[in-house]
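A short worksheet on the structure shown next.
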């Protein structure tokens, strides 16, 4: 089990501001699971429009944060890092459920486990919690493909 700071995260994800949604990896066990966090700040670029009177993190971005944690887990498992010759794609979402709104000041804990890896398709069980309460859960599928 190892942790990762933002500098190592930037080596394992091609994402950058404003779409980078993982601030720290608390633990990662290659081939098994990852636990990461996203500090949700009122300064996020989506809050002025979602919603000005009651800011809520869009569910699609919570799912994206879980997918980014899954990507880090995949790269750590494969022993590689992203490059200019390939792209890590989101190819499926099943069973997405949004149980609790995520607001400015929350710390989103991302727990993602590998459930299968076959023919270049990775499947994950993912959940995001705030203060120990389930905010979002989903089954994710991702793959790495060459840039065409």
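The values are calculated or read from the model by the stated rules, or taken from the named source; none is laboratory data. Being a predicted model, the structure only gives us computed values, none of them experimental. We place every Cβ from the backbone using ideal geometry, glycine too, and count neighbours over all the protein chains shown.
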Fill in the blank from the handout: Conditions (1) crowded, with 16+ Cβ neighbours inside 10 Å; (2) touching a residue at least 40 places away in the same chain (Cβ under 8 Å) -> residue 125 fails only (2)
Handout entry: Flag if residue 110 is in contact with a helix residue (DSSP H, G or I) (Cβ under 8 Å, 6 or more places away or on another chain), modelled with pLDDT of 95 or more and at negative phi
Key = yes
Problem - region 10-30: number of residues that are surrounded by 14 or more Cβ atoms within 10 Å (Cβ to Cβ), closer than 19 Å to residue 45 by Cβ and in contact (Cβ under 8 Å) with a residue 24 or more places away in the chain - result: 6
Completion exercise
Looking across region 113-147 at residues that are out of contact with any strand residue (DSSP E or B) (no Cβ under 8 Å at 6 or more places or on another chain) and either within 12 Å of residue 89 (Cβ to Cβ) or assigned to a strand (DSSP E or B) (or both), the single one that is modelled with the highest pLDDT is 133
